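The values are calculated or read from the model by the stated rules, or taken from the named source; none is laboratory data. Predicted model only: the values in this text are computed from it and were never measured. Cβ placement follows ideal geometry from the backbone for every residue including glycine, while neighbour counts extend to all protein chains displayed.
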Amino acid sequence: MVGNLLTIEMAARMFIAKHDEKSSFIFSTQLPTVKAGDLVDNDAFTNPDDLRQTLRKYNKRAPSEYKVPIDEIVDLRDAIAHGRSFGFGNMKHLRLLKFSRKKIGEKVKVDLVKDMDDEWFVVNICLLNTSIDKLTKSLNYETKEFA
């Protein structure tokens, strides 16, 4: 899932860059040769936009049939990145919790509780695969299977 989330952000950035002549050139010529410490142009690929901002920019430019569900993708990524997953004793599935950053007195609010059961994985993997498929088609890229 993490790899799929990274792929979604990378593909959205590539789509945005592809539709900006300057960024497209830099992406294909400059980035393959960069080293740590190099200074590079600030563009669709290198800017500090978060995932939500990047997907909004992608959806503004993408044909309607290739738009992706921003909130669902970002919420999943945030839950995985900032949540806590655990299993105790004879729990059948892992449980994913996400807590508010704000304190209420000496406590924090529980923002998310998800049991990571088979259905949770099926729904979220489908969300990510469908989004990757749309992004791939918007980039006019060919999907290749490895044997």
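Data table
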read-out: Unique residue being out of contact with any helix residue (DSSP H, G or I) (no Cβ under 6 Å at 6 or more places or on another chain), buried (at least 16 other Cβ atoms within 10 Å of the Cβ), of a type in the set (D, E, K, R) and within 27 Å of Met10 (Cα to Cα) when the list is Asp49, Asp38; value: Asp49
read-out: Search result, residues across the range 52-73 that are more than 13 Å from Thr136 (Cα to Cα) and either basic (Lys, Arg) or touching a His at 6+ places or on another chain (Cβ under 9 Å) (or both); value: Arg52, Arg56, Lys57, Lys60, Arg61
read-out: Positions within the range 60-95 being assigned to a helix (DSSP H, G or I), out of contact with any Ser or Thr (no Cβ under 8 Å at 6 or more places or on another chain), over 16 Å from Leu6 (Cβ atoms) and in contact (Cβ under 8 Å) with a residue 60 or more places away in the chain, in sequence order; value: Glu65
read-out: Some residue of the range 60-75 being of a type in the set (S, T, N, Q) and either more than 24 Å from Ala17 (Cβ to Cβ) or surrounded by 14 or more Cβ atoms within 10 Å (Cβ to Cβ) (or both); value: no
read-out: Condition check for Leu97: more than 19 Å from Thr136 (Cα to Cα), surrounded by fewer than 16 Cβ atoms within 10 Å (Cβ to Cβ), of a type in the set (A, V, I, L, M) and under 21 Å from the mean Cα position of the chain (by Cα); value: yes
read-out: Number of the condition not met by Phe45 [criteria: (1) at pLDDT 85 or above; (2) within 20 Å of the chain's Cα centre (by Cα); (3) assigned to a loop (DSSP other than H, G, I, E, B)]; value: (1)
read-out: Which listed residue, of Lys114, Lys57, Lys103, Lys109, is part of a strand (DSSP E or B) and surrounded by 15 or more Cβ atoms within 10 Å (Cβ to Cβ); value: Lys114
